[in-house]
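Peer 1: Mind having a look at this structure? Questions to follow.
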Amino acid sequence: MRFALSLFALAAPVAAHAATPITGQWLTVGEKAIVTISECGKGVCGRVTKVLKPNPKGPTTDFRNPDPTKHNRPIEGLQILANFTDSGDSWRGTIYSPEAGREYKSYIKRQADGTLQVKGCVAFFCQTQLWKPAK
């Protein structure tokens, strides 16, 4: 009987936890830009919808991108969050930094205070930012 109960416990589905939704408009660190996160495909993506503080020393394009054919893409409208899917406690995907011209593995989690904790990682080194809701 115990063996049967053990098998049942192993076969029973585990309740899945869903990550808190992250869609909406968000102010990046230093209130440099507004990123709009919305559904796309099977997950969510994010675009820079408004540059609030342009770089005074450089162009407003993706000039640091390693692909020279993308150097003239405007930052405003640029997709920086891609392929984010619900991983239970957070959202996982990739984030592109136009300031560095690099793409990173990323984790996003909505905090209890309403901010987004946005992590960009290379190997096991991560940098974390807190984004505020745009009003």
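The values are calculated or read from the model by the stated rules, or taken from the named source; none is laboratory data. Quick caveat, the model's predicted, so the values are computed rather than measured. Cβ atoms come from the backbone with ideal geometry, glycine included; neighbour counts cover every protein chain shown.
Peer 1: For the stretch 81-96, state whether one or more residues are under 21 Å from LYS135 (Cα atoms) and part of a strand (DSSP E or B).
Peer 2: yes
Peer 1: Considering only residues that are touching an Asp or Glu at 6+ places or on another chain (Cβ under 7 Å) and under 16 Å from GLY101 (Cα atoms), which ones fall in the stretch 31-59?
Peer 2: Selection gives VAL48 alone.
Peer 1: So, one more: Touching a Gly at 6+ places or on another chain (Cβ under 7 Å) and closer than 19 Å to GLN129 by Cβ: does that describe VAL48?
Peer 2: The answer is yes for VAL48.
Peer 1: Which number in (1) at pLDDT below 95; (2) more than 19 Å from GLN127 (Cα to Cα) marks the one condition that GLU99 misses?
Peer 2: Only one criterion is unmet by GLU99, namely (2).
Peer 1: Has the stretch 56-67 got any residue that is at pLDDT 95 or above, out of contact with any helix residue (DSSP H, G or I) (no Cβ under 7 Å at 6 or more places or on another chain) and within 17 Å of GLN129 (Cα to Cα)?
Peer 2: Looking for residues that are at pLDDT 95 or above, out of contact with any helix residue (DSSP H, G or I) (no Cβ under 7 Å at 6 or more places or on another chain) and within 17 Å of GLN129 (Cα to Cα), one finds none in the stretch 56-67, hence no.
Peer 1: Return the only residue of GLN79, GLN111, GLN117, GLN129 being in contact with a helix residue (DSSP H, G or I) (Cβ under 6 Å, 6 or more places away or on another chain) and modelled with pLDDT of 95 or more.
Peer 2: Testing whether each residue is in contact with a helix residue (DSSP H, G or I) (Cβ under 6 Å, 6 or more places away or on another chain) and modelled with pLDDT of 95 or more leaves just GLN129.
Peer 1: Between residues in the stretch 61-85 that are free of Cβ contacts under 8 Å to residues at least 12 places away in the same chain and residues that are surrounded by 13 or more Cβ atoms within 10 Å (Cβ to Cβ) and of a type in the set (D, E, K, R), which pairs lie under 7 Å by C-beta distance while being six or more apart or on different chains?
Peer 2: Between residues of the stretch 61-85 that are free of Cβ contacts under 8 Å to residues at least 12 places away in the same chain and residues that are surrounded by 13 or more Cβ atoms within 10 Å (Cβ to Cβ) and of a type in the set (D, E, K, R), the close pairs are LYS70/ASP62; HIS71/ASP62.
Peer 1: If GLY43 meets every condition in (1) touching a strand residue (DSSP E or B) at 6+ places or on another chain (Cβ under 7 Å); (2) modelled with pLDDT of 95 or more; (3) of a type outside the set (Val, Ile, Thr) apart from one, which number is that one?
Peer 2: If we test GLY43 against (1) touching a strand residue (DSSP E or B) at 6+ places or on another chain (Cβ under 7 Å); (2) modelled with pLDDT of 95 or more; (3) of a type outside the set (Val, Ile, Thr), just (2) comes out false.
Peer 1: Would you pick out the residues in the stretch 97-132 that are charged (D, E, K, R) and part of a strand (DSSP E or B)?
Peer 2: ARG102, GLU103, LYS105, LYS109, ARG110, LYS119, LYS132
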